[in-house]
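Visitor: The following block contains the structure, expressed as structure tokens.
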Amino acid sequence: MGDEMHYHDYLHLDKILNAQFPESTKRNLAAHDEMLFIIIHQAYELWFKQLHHEVDSVAAIMKKPALNDNSPELQTVVHRLNRAAIILRVLVHQVDILETMTPMDFPDFRDMLRPASGFQSWQFKELEAKLGLKFQDRHGQEYYISKLRTEHIGIIKKAESERSLLELVNDWLERMPLAPSYDENEKTFWVNYRNNYDASLDNVEKENLASFDEFFFEQSKKPARANDRHRSLTAKACRAALFIMLYRGYPLLQLPFQLLNSLLEIDEQLSSWRYRHMNMVHRMIGTRIGTGGSSGKDYLKAAADKHYIFKEIAQLNSFLIERRKLPVLSPHLERRLGFVAS
């Protein structure tokens with residue numbers, strides 16, 4: 001019986017439940033809410049670890065040279081990305097619990113934390129890098145690692161040097177075999193779509209046509225990894241992504257559409273978390289600087305405004321038209337998209 005697995009031992013509760021050491025307790029000072037503050041942030045770090053687990057597994061699948069868009073592997077990718085989005089939603093709601101601490105409760109222990117800060121969460125910065133946030137696109141490039149330990153900087157830099165999820169998605173979209181290409185054989189589809197898009201634009205929107213041409217017709221050979229802060233997805237990948245969005249009702253495109261939608265949900269939840277965090281900081285400390293030396297709310301707002309990772313996928317929604325005006329697909333392509341044998 002002594003060797004049987006026990007709930008307490010399996011979860012290592014001795015370590016977890018005895019890992020809270022309030023500074024106020026060490027100094028024999030009253031600060032009831034410091035325990036809440038510690039547990040909330042420990043929970044954040046545990047969820048970040050799970051997010052790494054999900055994103056790493058998705059990246060491992062998408063690094064394969066071929067990914068069948070009608071396969072259990074793609075279903076697994078979509079499932080795990082959806083889970084990541086739901087975890088991020090939980091992180092947003094955890095702010096509700098933290099906000100039960102009032103602005104008068106926080107000063108009871110805040111000064112004891114200096115210079116420790118949530119800004120030193122290397123797991124979160126590593127996660128951003130794995131998803132696709134590049135150094136050149138970060139707000140406060142020099143500051144963002146200045147308060148980290150050397151070993152944690154190394155972890156983040158390693159993640160930045162490897163292929164991100166965004167880059168792997170670009171590769172997957174470029175391999176998409178069903179989206180019409182822009183060569184002489186299939187160019188008619190995109191010419192027709194462009195004409196219909198142009199006709200749908202209001203007079204004040206006509207400049208969107210130039211953006212359309214840049215997004216979908218640029219013939220650049222530049223790889224997605226190039227240091228170009230203005231473009232993460234190639235024109236070929238953008239055409240495939242738009243095609244997926246337009247014809248997602250076909251069976252073969254439903255999972256690819258869910259994948260793209262999951263990425264947008266992840267970005268939305270990350271943005272919601274950043275803004276909730278910013279507003280909470282403003283509520284707690286007003287315009288004071290953060291314990292780690294940042295400008296507090298101002299820094300968080302600038303980062304929240306800038307740190308969108310899948311923004312080019314979101315921007316594709318600017319180029320949609322009514323379903324009834326979509327170009328008619330060839331019978332051969334319709335059969336392929338509908339799992340019907342030719």
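Visitor: For the range 98-145, what are the residues that are part of a loop (DSSP other than H, G, I, E, B), within 26 Å of S232 (Cβ to Cβ) and not hydrophobic (A, V, I, L, M, F, W, C)?
Guide: Of everything in the range 98-145, those that are part of a loop (DSSP other than H, G, I, E, B), within 26 Å of S232 (Cβ to Cβ) and not hydrophobic (A, V, I, L, M, F, W, C) turn out to be S121, G132, K134, R138, H139, G140, Q141, E142, Y143, Y144.
Visitor: Additional query: Among S262, S220, S271, S211, which is the only one that is over 28 Å from L333 (Cα atoms), out of contact with any strand residue (DSSP E or B) (no Cβ under 7 Å at 6 or more places or on another chain) and either modelled with pLDDT of 90 or more or not aromatic (F, W, Y) (or both)?
Guide: Going through S262, S220, S271, S211 in turn, just one is over 28 Å from L333 (Cα atoms), out of contact with any strand residue (DSSP E or B) (no Cβ under 7 Å at 6 or more places or on another chain) and either modelled with pLDDT of 90 or more or not aromatic (F, W, Y) (or both): S271.
Visitor: Could you check how many residues of the range 154-168 are closer than 12 Å to E128 by Cα and in a loop (DSSP other than H, G, I, E, B)?
Guide: 1
Visitor: Which one of the conditions (1) under 31 Å from the mean Cα position of the chain (by Cα); (2) more than 24 Å from M280 (Cα to Cα); (3) among the polar types (S, T, N, Q) does Q42 fail to meet, given that it meets all the rest?
Guide: Against the list (1) under 31 Å from the mean Cα position of the chain (by Cα); (2) more than 24 Å from M280 (Cα to Cα); (3) among the polar types (S, T, N, Q), Q42 comes up short only on (2).
Visitor: Among the residues of the range 176-195, which ones are over 30 Å from K206 (Cβ atoms) and surrounded by 14 or more Cβ atoms within 10 Å (Cβ to Cβ)?
Guide: L178 - this is the single residue of the range 176-195 that is over 30 Å from K206 (Cβ atoms) and surrounded by 14 or more Cβ atoms within 10 Å (Cβ to Cβ).
Visitor: Please work out if E151 is of a type in the set (D, E), over 25 Å from A85 (Cβ atoms), within 25 Å of the chain's Cα centre (by Cα) and assigned to a helix (DSSP H, G or I).
Guide: The answer is yes for E151.
Visitor: Any idea which of D96, D105, D137 is acidic (D, E), more than 30 Å from F243 (Cα to Cα) and either touching a residue at least 60 places away in the same chain (Cβ under 8 Å) or touching a Lys or Arg at 6+ places or on another chain (Cβ under 8 Å) (or both)?
Guide: From the options D96, D105, D137, the qualifying one is D105.
Visitor: Go through the residues of the range 137-153 one by one and say whether even a single one is touching a Gly at 6+ places or on another chain (Cβ under 6 Å) and either surrounded by 15 or more Cβ atoms within 10 Å (Cβ to Cβ) or closer than 21 Å to S271 by Cβ (or both).
Guide: There is at least one residue in the range 137-153 that is touching a Gly at 6+ places or on another chain (Cβ under 6 Å) and either surrounded by 15 or more Cβ atoms within 10 Å (Cβ to Cβ) or closer than 21 Å to S271 by Cβ (or both).
Visitor: Kindly evaluate L246 against the criterion of being under 25 Å from E205 (Cα atoms), in contact with a Lys or Arg (Cβ under 9 Å, 6 or more places away or on another chain) and at pLDDT 95 or above.
Guide: yes
Visitor: State yes or no: is F21 within 30 Å of D108 (Cα to Cα), assigned to a helix (DSSP H, G or I), of a type outside the set (S, T, Y) and modelled with pLDDT of 95 or more?
Guide: Judged against the criteria, F21 is not a match.
The values are calculated or read from the model by the stated rules, or taken from the named source; none is laboratory data. What you see is a predicted model; the values in this text were computed from it and never measured. FYI the Cβ positions are ideal-geometry reconstructions off the backbone, even for glycines, and counts take in every protein chain you see.
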